[in-house]
Amino acid sequence: MAVHKIIIAGFGGQGVMLIGQMLAYAGMLEGKEVTWMPSYGPEMRGGTANCTVIISDKEISSPVVSSATSVVAMNGPSLEKFEDLLIPGGDLFINTSIIDIPSSRTDVEIHEVDCSGLAMELKNDKVANMVMMGAIARVTGVVRLESLEKVMEKNFQGKKAALIPINVKALKVWKYREK
């Protein structure tokens, strides 16, 4: 595996930070080197939020991501702000539930994920971020879905444990389509 440098961005409240944290924890479970760096806009809920995650088999020299192997845009402003930081040939994940503008990039792999639509198929709009996280894991191979399930089991304790089955379904609902 090479080094995976991922930027995940969207509105506060979309679960952007949780996606990043869970990817980082899953990488740790798999014995990889990881960094997770959050960045919040002026408001927590409704403002912009993004985080960077680096997952590597080798030591990571800096947590700063100036060029990403993957960019995850959960809303339009995030697509506009971060798509240019994606390396040619990288993976661009677009939440088509919210984003209706096309990417300006023609030199990257674009993965359209209808996060809210697929979450509603599961009858729970709160798992839209887990739909995207499953897509990221499947396309990039950065971590295994099984590792993400283990992270859920560790993090969703007490009353939150009841949320594990729906979140696991959300991880697997998006189908990767080869082009």
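Brief remarks follow.
- Dividing the summed -39500 (n - 2.57) terms of all DSSP H runs of n ≥ 4 by the residue count of the chain sets its mean residue ellipticity at 222 nm at -10500 deg cm²/dmol.
- Computed lengthening from Asn155 to Tyr40, 0.36 nm per intervening residue step minus Cα-Cα distance: 39.2 nm
- Placing +1 on the Cβ of every Lys and Arg and -1 on the Cβ of every Asp and Glu, with nothing else charged, gives the stretch 4-173 a dipole about its Cα centre of roughly 680 debye.
- For the listed peptides 68-75, 9-16, a ranking on the average number of other beta carbons within 10 Å per residue, highest first, reads 68-75, 9-16.
- Max mean-square fluctuation residue, GNM over the chain, Cα-Cα springs under 10 Å, options Ser97, Ser61, Ser39: Ser61
- Shape call, the chain: gyration tensor on alpha carbons, a/c limit 1.5: rounded
- Counting only lysines at least 8 places from Lys154 when in the same chain, those with an alpha carbon closer than 20 Å to its own are Lys32, Lys126, Lys169, Lys172.
Throughout, read-outs are computed from the coordinates displayed, never taken from laboratory work. Everything numeric here is computed off the predicted structure, so don't read it as measured data. Positions of Cβ are backbone-derived with ideal geometry, glycine not excepted, and every protein chain shown enters the neighbour counts.
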